[in-house]
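Below are the structure tokens for one structure; questions will follow.
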Amino acid sequence: MNTNLRTDITVKDICDGFVYNELEGKGLFGLSGKLTIQPEYQRNYFYADGKKDVAVIESLLKGYPLGLIYFNKVSDNTLEVLDGQQRITSFGRFVTNKFAIKDENGMEQYFSGIATDKQAKILETKLLIYECEGTESEIKEWFRTINIAGVPLNDQELLNAVYSGPFVTLGKEEFSNSQNANIQKWSAYIKGVVNRQGYFERALDWVSKGNIGDYMSRHRYDTNITELKIYFNSVIDWVSGVFIDVEKEMCGLEWGRLYEEYHKKPYDPAKVSAEVQKLYGDPYVKNRKGIFEYILGGSVDTKLLNVRVFDDATKKTVYSEQITKAKAKGESNCPLCAIGHDANKNKIWKLKEMDADHVTAWSRGGATNIKNCQMLCKTHNRAKGNR
Ligand SMILES: [Zn+2]
């Protein structure tokens, strides 16, 4: 049996000539008529439940992998989908406006109604397609081999099967070997199961900047993994050098991306450590996973930390205190409006027209408590936040 991995086919290609038969509930053809999506013997489309079909579209929009798709090459101009008909029918139906997804505002949107950049993102997604050519019994046998005892292979295991050769063998020896003494150290930064290729996958992800299949294809017959090892160790050495404490929230962060972004900047590990400890001890920091990128970026992007906000009781108390004072003085209850010179100088804002603001910014040590809370009109609060 011949097998061939295709990484050049896009959603747009598949959807060229896509036909969906509403009556029979089947996706019929794609790839300009070359592809039969649901051959007669296949089960019908069952993703049309408003969840699975929507999830396929959301995966495309977020750039998540859809997993491998298998075609059976019947002849030079004829392909049949062996596995993947539900996913293909889902995006085919979406692109042909057969169902809608909800946008950020909860509004139902058909394909023709979403922004053109989102349309393009969907259409330009490249799929991972495995073309098999052989007799039916050969193909069935092959499927049995790649599905061990009912546990489907994960993406990396499948890629290892697809690109089997000296490179994969050496890579697994290094990264999928639970006897490797380095695993303990690596496990501080990498989430995943060693023997299910979690570490190998991460190493490949880092060196290839996310294009694992492409990288494995180019290096398939290499008889060394030098580049992979050097890059992986550079990332690990960098993280463990900059952050001398190991915190459990470091595990599974996008260290490859952070390395690319920040490894050329100098850091003082002792200072970094003190800042990590300070932020870990800060009750206002709600997202500890963001601490590391926050520090690497120069401690400015507080969004990464998801700093605690004022609660409603505090806001109401401060609001009523401000309004009493404002009415007594005959000026606006937004202190910044009150010192301005425009028409809002005397305006009394409603509670829902105002937002709570840290008088002393959190990043300068200001607490999220009633003493450090003031209510500002939404315009002034936004202006202050953007400074
Ligand atoms: Zn104001």
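Assuming P335 fulfils every condition listed in (1) within 14 Å of the ligand (Cβ to nearest atom); (2) in contact with a helix residue (DSSP H, G or I) (Cβ under 6 Å, 6 or more places away or on another chain) apart from one, which condition is it?
(2)
Give the residues of the range 54-88 that are closer than 14 Å to L35 by Cα and either aliphatic (A, V, I, L, M) or touching an Asp or Glu at 6+ places or on another chain (Cβ under 8 Å) (or both), sorted by residue number.
Within the range 54-88, I69, Y70, F71, N72, K73, V74, L79, V81, L82, I88 qualify.
When you check I291 against the structure, is it of a type in the set (V, I, T), farther than 30 Å from R6 by Cα and exposed (fewer than 13 other Cβ atoms within 10 Å of the Cβ), yes or no? Break it down stepwise before answering.
Values: of a type in the set (V, I, T): yes; farther than 30 Å from R6 by Cα: yes; exposed (fewer than 13 other Cβ atoms within 10 Å of the Cβ): no.
No.
Any idea which residue in the range 285-324 is farthest from T368 (Cα to Cα), counting only those that are of a type in the set (V, I, T) and in a loop (DSSP other than H, G, I, E, B)? Lay out the reasoning, then the answer.
Taking the range 285-324 as the starting set, the residues that turn out to be of a type in the set (V, I, T) are 285, 291, 295, 300, 302, 307, 309, 314, 317-318, 323-324.
If we keep only those that are in a loop (DSSP other than H, G, I, E, B) as well, we get 285, 300, 307, 309.
Values: V285: 11, V300: 18, V307: 9, V309: 7 Å.
Ranking the candidates gives V300 first.
Go over the candidates A361, A343, A383 one by one and state the one that is away from the ligand (no atom under 15 Å from the Cβ) and either of a type in the set (D, E) or modelled with pLDDT under 90 (or both). Steps first, please.
Numbers: A343 fails: away from the ligand (no atom under 15 Å from the Cβ); A383 fails: away from the ligand (no atom under 15 Å from the Cβ).
Of A361, A343, A383, the one residue that is away from the ligand (no atom under 15 Å from the Cβ) and either of a type in the set (D, E) or modelled with pLDDT under 90 (or both) is A361.
Next up: Going by the conditions given, is A356 within 15 Å of the ligand (Cβ to nearest atom), more than 33 Å from the chain's Cα centre (by Cα) and of a type in the set (G, A, S)?
Working: within 15 Å of the ligand (Cβ to nearest atom): yes; more than 33 Å from the chain's Cα centre (by Cα): no; of a type in the set (G, A, S): yes.
Answer is no for this residue.
What number goes with the only condition from (1) farther than 25 Å from Q374 by Cβ; (2) of a type outside the set (S, T, Y); (3) within 16 Å of the ligand (Cβ to nearest atom) that R257 does not pass?
Just one mismatch for R257, condition (3).
Could you check the range 50-75 and list, in sequence order, the residues that are acidic (D, E) and touching a Lys or Arg at 6+ places or on another chain (Cβ under 9 Å)? So that I can check it myself, show each step before the final result.
Restricting attention to the range 50-75, the residues satisfying the condition of being acidic (D, E) are 53, 58.
The one that is acidic (D, E) and touching a Lys or Arg at 6+ places or on another chain (Cβ under 9 Å): D53.
Go through K315, K345 for me and flag whichever is surrounded by fewer than 17 Cβ atoms within 10 Å (Cβ to Cβ) and either touching a Lys or Arg at 6+ places or on another chain (Cβ under 9 Å) or at negative phi (or both). Talk me through it step by step, then tell me what you get.
On the way: K315 fails: surrounded by fewer than 17 Cβ atoms within 10 Å (Cβ to Cβ).
Residue meeting the stated conditions: K345.
The values are calculated or read from the model by the stated rules, or taken from the named source; none is laboratory data. Just so we're clear, the structure is a prediction, and the values are computed from it rather than from any experiment. Cβ sites come from the backbone with ideal geometry, for glycine too, and all protein chains shown count toward neighbours.
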